[in-house]
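Here the structure is laid out as structure tokens; the discussion comes afterwards.
The values are calculated or read from the model by the stated rules, or taken from the named source; none is laboratory data. The shown structure was predicted, so the numbers you read here are calculated from the model rather than taken from an experiment. Cβ: placed from backbone, ideal geometry, glycine included. Neighbour counts: every protein chain shown.
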Amino acid sequence: MRAGGTGIWGNFQVTIDLPGRPPTARGTLEVFEEAQDGSGRELNKVVVPIVFGRALVDPYNGFAQYTVERGDTLSSIAEQFLGDADRSRAIFQANRDQIEDPDLIFSGQVLRVPQ
């Protein structure tokens, strides 16, 4: 497993080997410690929403962070980073936690762009 994060932004990336490409981009990861008494109880459990990058772009090499500037659209960002404006849906799916409408992004938003 490989992990890394930026700390200050609250973004974290971890690589987990999966048997195949996930059918959807969104999922959850349960993180917990196991009780030391052998009971198998899960302690301090946290359920974290995650994005399966490989479901967005394949091959997947991580996320770049991009700060939206005035006049940007998801299509223009997709063209700049992914070479194809039609791949804007991948950026939308990677940022569903902060974008409800793909036509409404705002200057200053920090978006994850799958690479």
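Would you mention how many residues in segment 23-69 are of a type in the set (Ser, Thr, Tyr) and over 14 Å from the mean Cα position of the chain (by Cα)? Break it down into steps so the answer makes sense when it comes.
Narrowing segment 23-69 to residues of a type in the set (Ser, Thr, Tyr): 24, 28, 39, 60, 66-67.
Filter once more, keeping what is over 14 Å from the mean Cα position of the chain (by Cα): 39, 67.
Matching residues across segment 23-69 total 2.
Across segment 32-62, what is the number of residues that are under 29 Å from residue 89 (Cα atoms) and outside any loop (DSSP other than H, G, I, E, B)?
At the first step, the residues of segment 32-62 found to be under 29 Å from residue 89 (Cα atoms) are 46-62.
When the remaining residues are screened for being outside any loop (DSSP other than H, G, I, E, B), the result is 46-51, 53-56.
Residues in segment 32-62 being under 29 Å from residue 89 (Cα atoms) and outside any loop (DSSP other than H, G, I, E, B): 10 in total.
Search segment 79-90 for residues being touching a residue at least 24 places away in the same chain (Cβ under 8 Å) and not aromatic (Phe, Trp, Tyr), and hand back the single one that is farthest from residue 27 (Cα to Cα).
This residue is 82.
Which residue, of 31, 47, is aliphatic (A, V, I, L, M) and touching an Asp or Glu at 6+ places or on another chain (Cβ under 8 Å)? Before the answer, list the steps.
Details: 31 fails: touching an Asp or Glu at 6+ places or on another chain (Cβ under 8 Å).
Just one listed residue meets the conditions, 47.
Checking the condition modelled with pLDDT under 90, hydrophobic (A, V, I, L, M, F, W, C), in contact with a strand residue (DSSP E or B) (Cβ under 6 Å, 6 or more places away or on another chain) and within 24 Å of residue 14 (Cβ to Cβ), which residue from 81, 32, 63 passes?
Working: 81 fails: modelled with pLDDT under 90; 32 fails: modelled with pLDDT under 90.
Answer to the selection: 63.
Could you count how many residues in segment 86-108 are closer than 19 Å to residue 62 by Cβ and in a loop (DSSP other than H, G, I, E, B)?
Counting residues in segment 86-108 that are closer than 19 Å to residue 62 by Cβ and in a loop (DSSP other than H, G, I, E, B) gives 4.
Mind checking which residues of segment 77-108 are on the phi < 0 side of the Ramachandran plot, surrounded by fewer than 14 Cβ atoms within 10 Å (Cβ to Cβ) and not aliphatic (A, V, I, L, M)?
Step one: filter segment 77-108 for residues on the phi < 0 side of the Ramachandran plot, giving 77-82, 84-107.
If we keep only those that are surrounded by fewer than 14 Cβ atoms within 10 Å (Cβ to Cβ) as well, we get 80, 84, 86, 96-98, 100-101, 103-104, 106-107.
80, 84, 86, 96, 97, 98, 100, 101, 103, 106, 107 - these are the residues of segment 77-108 that are on the phi < 0 side of the Ramachandran plot, surrounded by fewer than 14 Cβ atoms within 10 Å (Cβ to Cβ) and not aliphatic (A, V, I, L, M).
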